[in-house]
Amino acid sequence: MTSFLTKFHSRRDNLQSLLCIGIDPELEKLPQVCLDSKSPLVHFAETIVRYTHTNAVAWKPNIAFFERLGAEGYFALEHMVHLMKEVSPEVPIVMDAKRGDLANTAKEYAKYFFQTLKVDALTVNPYMGRDSLVPYLDLGGYLFVLGLTSNPSSADFQKLKTNPKDVFLYEEVSDQMARLEESYPGQVGLVVGGTHPSEIQSLRKRHPRLCFLIPGFGAQGGDLPSIIQASGKEALINSSRGITLSTLAENFGEVSKKKSEEVHLQMNQLFL
C-alpha cells in the first residue's frame, strides 16, 4: 500500500494546492434531492466525490455523520470510501474519527480503518498516551494526532501550562508526537486548528518535519493566507461545509465543484 505521505506529496505537487475536502453530511443540512432518494448519504457522497475530486488533494470524511444512521450509515460510509478509490485512487483518504483507546480496543479500531476500509490516515486523540497510538502505527497506519483544535474551548485543556517544563499542553503533545515520529517515521502528524495562525507558525518552527492537518478554514473563520504562511507546504488545509454544504439547490454538486475550484485557485496563488 502506498504510504499516506507519498500520495499526499504527489497530489500536493501536481495540483499546487493543500486542499483537503471534508465530507460531513449532516442530515438536516442536505439538499432535498438527497433526502428524497433511497439513501440520502449515498446520494450526497457520490455527488460530492464525482464533482469535486479533481480539486481534492485529500478527502476527510467525518465518521460521526454516518454512524448516527447505524447500519445504513456504515453502508454509506464504506460505499463512499470504495467510490473514492475508484474515482480518484491517487487522492489519500483521512478518516476523521478521533479515536482514542487502549490495547485490544485500539487494535480493533486499527484493523477496521487500515485493513478493512484501507484508508490512508486517521485522526486520533492522544489523551491516553503512547499506548493508545502504537497499535495503529504497528499496522502501518498514518495518524493525525489532536494537538491544538479549532474550537473556542480548546484552551480549556490544550492551553494549560505543564510543570516543570512550563509549556502549553498542546506543545508537549507536539513534542511527544515528534519523538514518536522518530520511532515510526512517516506515520505521525498533528491536527492544528486554522483559527490559531500564530500557534501554527510556532509549531511549524518547533517541528519543521511534521505534517499538519488544519481544520477551521472556511465556515469556522480561519484566514487562508495566514494559515498557509504559517504552516508551509507540509500541511493539509480542510474545508468541509464551505464547499459541500453551501447550497440546498438540486445542482449542489455543480455548486460544490465551483466552490472547490475557487479554493483551489486561491491556494494556487498562495502556494509557497
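If the chain between E78 and S37 were fully stretched, how many nm would it gain, using 0.36 nm times the residue separation less the Cα-Cα distance?
Extra length available between E78 and S37 comes to 12.9 nm.
So between E182 and K118, what do we pick up on full extension, going 0.36 nm a residue minus the alpha carbon distance?
Full-extension gain reported as 20.7 nm.
Near K85, which lysines are there with a Cα under 18 Å away, not counting those fewer than 8 places off in the same chain?
Counting by Cα, and skipping residues close in sequence, K85 has these lysines nearby: K7, K60, K118.
To make sure I understand, if each residue's beta carbon is the centre and we count other beta carbons within 10 Å, what order do S198, S150 fall in, fewest to most?
S198, S150
Say each of K29 and R50 gets a label point 7 Å from the Cα, pointing the same way as Cα to Cβ; how far apart are those two points in nm?
It is 2.4 nm.
For the chain, max minus min Cα coordinate along each principal axis, in Å, sorted largest first?
Cα extents, longest axis first: 58, 44, 35 Å.
Quote the relative contact order of the chain in percent (integer), defining contacts as alpha-carbon pairs under 8 Å separated by 6+ residues.
Once divided by the residue count of the chain, the mean separation gives 21 percent.
Could you name the lysines in cross-link range of K161, using Cα to Cα under 22 Å and dropping any fewer than eight places away on the same chain?
K205
Per-residue ellipticity at 222 nm for the chain, helices alone: DSSP H runs ≥ 4 residues times -39500 (n - 2.57), over residue total, nearest 500 deg cm²/dmol?
Here the helix-only value at 222 nm equals -13000 deg cm²/dmol.
Taking 0.36 nm per intervening residue step and subtracting the Cα-Cα distance, what contour gain separates D13 from D166 on full extension?
51.2 nm
Looking at the square roots a ≥ b ≥ c of the eigenvalues of the Cα gyration tensor of the range 1-78, which shape do they give, rounded for a/c under 1.5, prolate if a/b is larger than b/c, or oblate?
In terms of gyration-tensor shape, prolate.
Say each of S198 and L265 gets a label point 7 Å from the Cα, pointing the same way as Cα to Cβ; how far apart are those two points in nm?
Placing both labels 7 Å along Cα→Cβ, they lie 3.4 nm apart.
Provide T6, T244, T52, T116 in ascending order of the number of other Cβ atoms located within 10 Å of each residue's Cβ, fewest first.
Arranged by neighbour count, lowest to highest, T6, T244, T52, T116 become T116, T6, T52, T244.
FYI, it's all coordinate maths here, none of it is from the lab. All values reported here derive from a predicted model rather than from experimental measurement. Glycine gets a Cβ as well: all are built from the backbone with ideal geometry, and neighbour counts include every protein chain shown.
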